[in-house]
Each structure stands twice: as C-alpha cells, then as structure tokens.
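Peer 1: Next up is a structure, given as structure tokens.
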Amino acid sequence: PDNGPDWPCTSQGSGPEPAPDEGSVGLLMYTSGTTGRPKGVLLSHGNLIAGGQNTALAHELTADDRALCVLPLYHINGQCVTVMGPLVSGGSVVMPHRFSASRFWRQLIDGECSWFSVVPTLISYLLQLPETKTPDRRSLSRLRFGRSASAALPPAIHRAFESRFGIPIVETMGLTETAAQILSNPLPPGRRKYGSPGVAYGNQVVIADEHQHACPPDTVGELLVRGRNVMLGYLNNPEATADTLTADGWLRTGDLGVMDEDGYVFVRGRIKELIIKGGENIAPREVDEALSAQPGVLEAAAFARPCPDYGQRVEACVVLKPGVEPDEAGLISACTARLGPFKSPDRIHFRDILPKGPSGKIQRLKLLDLVDL
C-alpha cells in the first residue's frame, strides 16, 4: 500500500532479483495479541540474522548441534530460535509435523538431537506422561539442554521436570518485535535462577522508570531492549511504532520487571495485566506461581475483577491435573500462606482448559469474560 513500509515486491523484469540488504524487510509476523489486537511486526534481514546469532551465542550452538523444532514456524520462537539459530551456527534441525507428547522423546532419540525449544504448557504435558514413558537418560546421550520461552515457566514445574527427566531446562525470554530471544539463563555449569528468564545476550536490556531512565537494582520498572534484533516497526501503524520505539533506539516491551545485582531479570507481568487493588499493584504472575506450586494444579492464571470497594479484586482460573478434585478453599488458603490475604484470590474458577494464543501464552484478558459466560 502507498502508506505502508518500504515493502519488497516482485520484479516484473526478466533479470535476477537483487540480493536483499541488511535493512530491507525480511519477514512480516504478527504478535500473539495477548493484551490487545495483534500487530504486524516488520523484521529486517539483519534483525533475523541477529535473532539467530543471539540464540547461538546464549546456547553455545555449533555445527555439531541439532535442534528438535516442535513449535509452529508462524510464531517467532519456532522461526528465529529453532530455525535461525542452527542456520547461523551451521547446525541442523529435526522438524516433526506437530508436537506430540507421546512421540516427543522418541523423536529426540531417533533424531539424535542435542537441544529442543518448547513452551511451559508443553513441559506440563510431558510431566503428565505415565512414569513408564520416562526415557532412559542414556538414550539421550546427545541431548545437552531443553529451552523454555514464550511464557513464564513456574519454578515448581521447572524443578519437577528437571528432577524427573534429569535434563536442564534453560528459561529464556523473547518477543516478536526482537526477532525472539533477548534474555537467557546460562547453560550448566553456569548459574541458572529459577523464576528468571536470565540475562541479556547479544543485545542491551535495562529496567527503566516512566521517563525511560535506568532504575537501580531490584526496583520495578519497564523492561527495555536495544540492539540489532529490534524491529523496523509495525505494519501501517505509525502510532504504535512511535509508542514502542524511543528516539534513542530502545524498544518498550510493556513488561514490568526487576533486575538483580547479577543482571538477572525477573518479570512481574504485563503492564496492561496488572491488578490494581486499593491503589496497590499486584502482579498476576505472583498468584500464578503460588497456585502452580500446589501438587494438583496443572495451570493457573490470575486476573482482575471490578470491585466497588477496592477498584479491582483478584480471581484466578485453574486447570487441575487428571483425577484431582477441586478444592477452592484449600488453594486460597495455600495462596494466603505464601502471599498474604491481600494478594490472594477471592475466588478460583476451575476450567478444563485456559485460552491461549498460537505461542502458548495464556490470554489473561479473556478470562473474566470466560468465567462470566
């Protein structure tokens, strides 16, 4: 379109197409729309290469590595991590048609894979397999690590997976707007911190106040990113582009977090998803983690409900493991013991599934309408 970006078009001539330059558009991919309408993200060829290089750097990928790609290529995790990472490092990829929990371990073994990238929901599915489906670690001798991204990995589920399967899971974080990975925990024997997607690799990351000034360690602010992996902008949306990209090149992620003295980032949640109760901010992820730590809980997501007394109150949706009976009072009591009564949910709604986008992220802003149906 005339008012669109400098979008490449097919030549009408008979000669060969010129090679693309680093700054030209290489990919149009839409965001998951977790907190609003999906936006078209314009990534340059240079962005895509940088995204693959950041993955290769963080995970020390070489030509000897082989990835298992079970995530869809129409999402940035599958496209830029599990495909571009091996491409820039000279490695290879095994690509099944789709994810299957029952076939996952056999695919890793038969493919002689050295790493895989999944989302927390898939980790939960693998944990639900019968104990008889636990593979012999010796049959996975080439497997170095697994990688989790696209949504927060509850520490209880993280520990349970590593304890059962003996495979280190590296929690990471990425965005469509940054050609995937921005943060990663180090590989073993480096220090991994449960509940954190790690430190910056290949780009700059800062926690900033409302004026985009860097905050001191352990201070809540917005997560900003700057580097060669940051997008060109949004398709036909100059207002959103101006709101997201600062004049000095920082991308505002819309995520709240803190950075500790070691440079590890701990994400507190999306700014648009904060629960504001009596003027106090409550990060839904705190409630999610308290619920997910309970043995019978498979998935959990807290959300805000309008309240005449406090403005908003805390409620949550929970998916239980097969065979577990609902116990609303018990789960609320467990949250109160961990978080105190102010942050604990007033109600828990038990569901068979939670709404998710294509990346596996829970669509938190849909939960209130879902439980009121």
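The values are calculated or read from the model by the stated rules, or taken from the named source; none is laboratory data. Nothing here was measured: the structure is a model prediction, and the numbers come from that model. Note that each Cβ is placed from the backbone with ideal geometry, even for glycine, and that neighbours are counted across all protein chains shown. Accessible surface is based on the protein model in full, side chains and every heavy atom, while ligands, DNA and RNA are left aside. Shrake-Rupley method; radii C 1.70, N 1.55, O 1.52, S 1.80 Å.
Peer 1: Out of the range 115-154, which residues are in a loop (DSSP other than H, G, I, E, B) and at pLDDT 95 or above? Break it down into steps so the answer makes sense when it comes.
Peer 2: As a first pass, look at the range 115-154 and keep what is in a loop (DSSP other than H, G, I, E, B): 119, 128-130, 134-136, 141-144, 149-154.
Matches in the range 115-154: Arg142, Leu143, Arg144.
Peer 1: Next question. State whether the residues of the range 232-239 include one that is in contact with a Phe, Trp or Tyr (Cβ under 6 Å, 6 or more places away or on another chain) and within 28 Å of Val199 (Cβ to Cβ).
Peer 2: Looking through the range 232-239, none of the residues is in contact with a Phe, Trp or Tyr (Cβ under 6 Å, 6 or more places away or on another chain) and within 28 Å of Val199 (Cβ to Cβ).
Peer 1: If you don't mind, there's one more thing I want to ask. Here is a list of conditions, (1) crowded, with 19+ Cβ neighbours inside 10 Å; (2) under 17 Å from the mean Cα position of the chain (by Cα); (3) farther than 30 Å from Ser124 by Cβ, and Leu232 meets all of them except one; can you say which number that is?
Peer 2: (2)
Peer 1: Has the range 209-227 got any residue that is outside any helix (DSSP H, G or I) and under 17 Å from Val81 (Cβ atoms)?
Peer 2: Pass one, the range 209-227, residues outside any helix (DSSP H, G or I): 209-227.
Filter once more, keeping what is under 17 Å from Val81 (Cβ atoms): 225, 227.
Yes.
Peer 1: Is it the case that Ala63 is outside any strand (DSSP E or B) and not hydroxyl-bearing (Ser, Thr, Tyr)?
Peer 2: It is true that Ala63 is outside any strand (DSSP E or B) and not hydroxyl-bearing (Ser, Thr, Tyr).
Peer 1: Next question, about the same structure. Look through the range 301-324, keep the residues that are among the small types (Gly, Ala, Ser) and more than 23 Å from the chain's Cα centre (by Cα), and return whichever of them is most open to solvent (accessible area, probe 1.4 Å). Give the steps one after another, and end with the answer.
Peer 2: Taking the range 301-324 as the starting set, the residues that turn out to be among the small types (Gly, Ala, Ser) are 301-302, 304, 311, 316, 323.
Imposing the further condition that a residue be more than 23 Å from the chain's Cα centre (by Cα) reduces the set to 311, 323.
On the way: Gly311: 44, Gly323: 81 Å².
Only one residue tops the list, namely Gly323.
Peer 1: Is it fair to say Thr35 is modelled with pLDDT of 80 or more, under 30 Å from Leu368 (Cβ atoms) and open to solvent by 10 Å² or more (accessible area, probe 1.4 Å)?
Peer 2: Values: modelled with pLDDT of 80 or more: no; under 30 Å from Leu368 (Cβ atoms): yes; open to solvent by 10 Å² or more (accessible area, probe 1.4 Å): yes.
It is false that Thr35 is modelled with pLDDT of 80 or more, under 30 Å from Leu368 (Cβ atoms) and open to solvent by 10 Å² or more (accessible area, probe 1.4 Å).
Peer 1: Let me spell it out: the conditions are (1) open to solvent by less than 20 Å² (accessible area, probe 1.4 Å); (2) part of a strand (DSSP E or B), and Ser196 meets all of them except one. Which number is the exception?
Peer 2: Result: Ser196 fails condition (2) only.
Peer 1: Mind listing whichever residues of the range 249-293 are touching a strand residue (DSSP E or B) at 6+ places or on another chain (Cβ under 8 Å), open to solvent by 40 Å² or more (accessible area, probe 1.4 Å) and outside any helix (DSSP H, G or I)?
Peer 2: Within the range 249-293, Arg252, Met259, Asp262, Phe266, Arg268, Arg270, Ile276, Gly278, Gly279, Asn281 qualify.
Peer 1: Still on this structure, I have one more. Yes or no: Asp327 over 22 Å from the mean Cα position of the chain (by Cα) and at pLDDT below 95?
Peer 2: Values: over 22 Å from the mean Cα position of the chain (by Cα): yes; at pLDDT below 95: no.
Against the criterion (over 22 Å from the mean Cα position of the chain (by Cα) and at pLDDT below 95), Asp327 does not qualify.
Peer 1: In the range 170-187, which residue that is assigned to a strand (DSSP E or B) and not aliphatic (A, V, I, L, M) is most open to solvent (accessible area, probe 1.4 Å)? Please lay out each step first, then the result.
Peer 2: Taking the range 170-187 first, the residues assigned to a strand (DSSP E or B) are 170-175, 180-184.
Next, only the ones that are not aliphatic (A, V, I, L, M) stay: 171-172, 174, 181, 184.
Values: Glu171: 5, Thr172: 6, Gly174: 24, Gln181: 1, Ser184: 0 Å².
The selected residue is Gly174.
Peer 1: Given (1) buried (at least 17 other Cβ atoms within 10 Å of the Cβ); (2) at pLDDT 95 or above; (3) in contact with an Asp or Glu (Cβ under 9 Å, 6 or more places away or on another chain), where does Pro217 come up short, assuming only one miss?
Peer 2: The failed condition is (1).
Peer 1: Related question: Identify, by number, the condition in (1) touching a residue at least 60 places away in the same chain (Cβ under 8 Å); (2) open to solvent by 10 Å² or more (accessible area, probe 1.4 Å); (3) β-branched (Val, Ile, Thr) that Val83 doesn't meet.
Peer 2: Going through (1) touching a residue at least 60 places away in the same chain (Cβ under 8 Å); (2) open to solvent by 10 Å² or more (accessible area, probe 1.4 Å); (3) β-branched (Val, Ile, Thr) one by one, Val83 breaks only (1).
Peer 1: Let me ask something else. Please state which one of Glu162, Glu112 is surrounded by fewer than 24 Cβ atoms within 10 Å (Cβ to Cβ), part of a helix (DSSP H, G or I) and among the acidic types (Asp, Glu). Before you say what the answer is, go through the steps one by one.
Peer 2: On the way: Glu112 fails: part of a helix (DSSP H, G or I).
After applying the criteria, what remains is Glu162.
Peer 1: Another question about this same structure. Pull out all pairs, ordered by first then second residue, where Cβ-Cβ is under 9 Å, the residues are six or more apart or on different chains, the first lies in the range 95-117 and is among the β-branched types (Val, Ile, Thr), and the second is buried (at least 20 other Cβ atoms within 10 Å of the Cβ).
Peer 2: Final answer for the pair search is Ile109/Leu143.
Peer 1: Quick test of your reading of the structure: Leu298 fulfils all but one of (1) under 22 Å from Gly257 (Cα atoms); (2) at pLDDT below 95; (3) open to solvent by less than 40 Å² (accessible area, probe 1.4 Å). Name the failing condition by number.
Peer 2: Single failed check for Leu298: (1).
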